[in-house]
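Peer 1: A single structure is presented below for examination.
The values are calculated or read from the model by the stated rules, or taken from the named source; none is laboratory data. Treat the numbers as computed from the prediction; the structure is a model and nothing was measured. Here the Cβ positions follow ideal geometry from the backbone for every residue, glycine too, while neighbour counts run over all protein chains shown.
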Amino acid sequence: MLNNRRLLKCAEMISGKGTVCDVGTDHAFLPVYLVENGLCPDAVAGDIADGPLEAASATVNRAGLSDRISVVKSDGLKNISPDGITDVIIAGMGAETISMIIEAAPWLHNGINLVLQPMTKIPFMRTWLYANGYEIIREEAVTDEDYIYTVMNVRFSGYRININDVFAELGLFDFSDAEAVKYARKQTERLTRISDGQKRSGKGADTSAVDEKIRLITEISEGRHKVTVGEIYDEINRIAPFCTQDSWDNSGLLVGDRENEVTGIITALDITHEVIGEAAARKANLIISHHPVIFSPLKNLSMSCPAVRLAANGISAICVHTPLDKAVNGINDMIADMLERWFEVSDFREPLIPEREGSADGDGRIVEITEEGLSAPAMAERLGKMFGGSPVKFAPGMKKIRRVAICSGSGGSLLSVVKKAGCDAYITGDIKHDVWLDAAAAGISLFDCGHFHTEKISAEYLAKLIRTSAYGIKTEAAETCRDVVNYIQSAPGN
């Protein structure tokens, strides 16, 4: 019988859908418990050292489960076959070791349910996960032998997010749980020791950042923190500065006031009447969108105008348009990340138009395809699948597809920059007729994947970002965020 509360908490987070792999297994106690209790059909117990492997084999044999639990010598996941594995547990290791194991196994991107229990450097673990496209789905604290641990249920989302310092320290806990509150208290005690030590040093250390972190963690864990529109604005501004917006853009807080308390959040590509209705039904009083709800000057106020309806219903709106296009890990980087999963791509990546010299942010992106013999029709077919089955218009060029430019939304006006950058192909949307002709004359393969389809990823990204800062606030991507355009392919008439 497994009596380790830390490992029992790990057991609670497996999916039960297939084979569980326990990395760095402790005498195979956890795999045996899972199989004996019908929590998974079979398991793999892996370790790099012979001693633990011998102990694991002995445990499995005593349980009479040698036909259902494989004991494998492996450095992390390197010798583990991914066939049939649905869950991977990595418990009892330092965060840096866990991150290296995950990084060396890209097959974990394929919907694998991860259960992680890091022993050290927990803030690093959370920061690394989100920066590398993973998301914490559930996190719980558990006390075992007078020490409090965190157990994380993690999956690959593909969205790379630079989380804030408070979330790195505090995690994704439900603070109605006493163990979670206890965990938070331990973090404030540790941070307080750091702050006090700096103050006692007599060197005039500035502890304001640490003290503010302590205040926020205390308020959040005790249920006293009220999230405001201004705080959400500042969180978005941290990763996609509003000051970088183009002169013609209108990003920012467009409806409502910074001091308004937030009770629920909806994210969307566009703020339509359908999205407003969904927000009202879900009791969300803040909508965060990519496209501005006010773009041209309003010359009259009518309820047919979404911005007016927002104000009438007490719903605030933050819109982050060109800043999110340009930002590191913003929309164009998201598309580049998607290309890495659908095509063979090198490590090279740079902005099409850098925000400033040598910067990683800016308009568009350039990547390099390393596949030999990739044709424009084959690329168009794969792009359609990559963007969720969207229709793709394309014109094959005369060049071998190697250097590829990306610009989400409507990027036809940047074709001259694409040519100057020596690109062989260009992925964007909303292509006008003259741009098609210009690309054909230049021998560039041009792909129109649609404005909506190249930018709809913004809604899910914004929802995932805000979930790491708006504690206690339900945040969802709008279900009514959809393409209003219908498409039909007809055969030529007689």
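Peer 1: Scan the range 236-266 residue by residue and report those that are among the charged types (D, E, K, R) and either buried (at least 19 other Cβ atoms within 10 Å of the Cβ) or free of Cβ contacts under 8 Å to residues at least 60 places away in the same chain (or both).
Peer 2: Asp257, Arg258, Glu259, Glu261
Peer 1: Quick check on Val72: is it out of contact with any Asp or Glu (no Cβ under 6 Å at 6 or more places or on another chain), within 25 Å of Asp144 (Cα to Cα) and in the same structural domain as Ile112 (by TED's automatic domain parsing)?
Peer 2: no
Peer 1: May I pose another question? Suppose the filter is among the hydrophobic types (A, V, I, L, M, F, W, C) and outside any helix (DSSP H, G or I); does Ile137 pass it?
Peer 2: yes
Peer 1: Same structure again: Under 8 Å between Cβ atoms, at least 6 apart or on separate chains: pull out the pairs that start in the range 30-43 with a residue that is closer than 16 Å to Ala58 by Cβ and end on any residue that is assigned to a helix (DSSP H, G or I) and among the hydroxyl-bearing types (Ser, Thr, Tyr).
Peer 2: Val32/Thr59
Peer 1: Yes or no: Ala168 modelled with pLDDT of 95 or more, in contact with a Ser or Thr (Cβ under 8 Å, 6 or more places away or on another chain) and over 23 Å from Leu462 (Cβ atoms)?
Peer 2: So Ala168 does not fit the description; no.
Peer 1: In the range 101-119, what residues are in contact with an Asp or Glu (Cβ under 8 Å, 6 or more places away or on another chain) and either in a loop (DSSP other than H, G, I, E, B) or among the small types (Gly, Ala, Ser) (or both)?
Peer 2: Ile112 - this is the single residue of the range 101-119 that is in contact with an Asp or Glu (Cβ under 8 Å, 6 or more places away or on another chain) and either in a loop (DSSP other than H, G, I, E, B) or among the small types (Gly, Ala, Ser) (or both).
Peer 1: Specify the residue that is nearest to Ile488 (Cα to Cα); the eligible residues are those in the range 382-439 that are under 31 Å from the mean Cα position of the chain (by Cα) and of a type in the set (Lys, Arg).
Peer 2: Looking at residues that are under 31 Å from the mean Cα position of the chain (by Cα) and of a type in the set (Lys, Arg), I get Lys393.
Peer 1: Moving on to the next point. Filter the range 62-86 down to residues that are more than 17 Å from Ile48 (Cα to Cα), touching a helix residue (DSSP H, G or I) at 6+ places or on another chain (Cβ under 9 Å) and not hydrophobic (A, V, I, L, M, F, W, C), then give me how many there are.
Peer 2: Within the range 62-86, residues that are more than 17 Å from Ile48 (Cα to Cα), touching a helix residue (DSSP H, G or I) at 6+ places or on another chain (Cβ under 9 Å) and not hydrophobic (A, V, I, L, M, F, W, C) number 4.
Peer 1: Here is a further query. Please tell me if Cys319 is closer than 29 Å to Leu129 by Cβ, outside the structural domain of Ala421 (by TED's automatic domain parsing) and surrounded by 12 or more Cβ atoms within 10 Å (Cβ to Cβ).
Peer 2: It is true that Cys319 is closer than 29 Å to Leu129 by Cβ, outside the structural domain of Ala421 (by TED's automatic domain parsing) and surrounded by 12 or more Cβ atoms within 10 Å (Cβ to Cβ).
Peer 1: Got a sec? Which strands (runs of 3 or more DSSP E) wholly within the range 269-370 have at least 2 residues that are over 16 Å from Gly252 (Cα atoms)?
Peer 2: Because the criterion is at least 2 residues that are over 16 Å from Gly252 (Cα atoms), the strands (runs of 3 or more DSSP E) in the range 269-370 that meet it are 345-354, 362-369.
Peer 1: Assess whether Ile335 counts as being of a type in the set (Val, Ile, Thr) and surrounded by fewer than 20 Cβ atoms within 10 Å (Cβ to Cβ).
Peer 2: no
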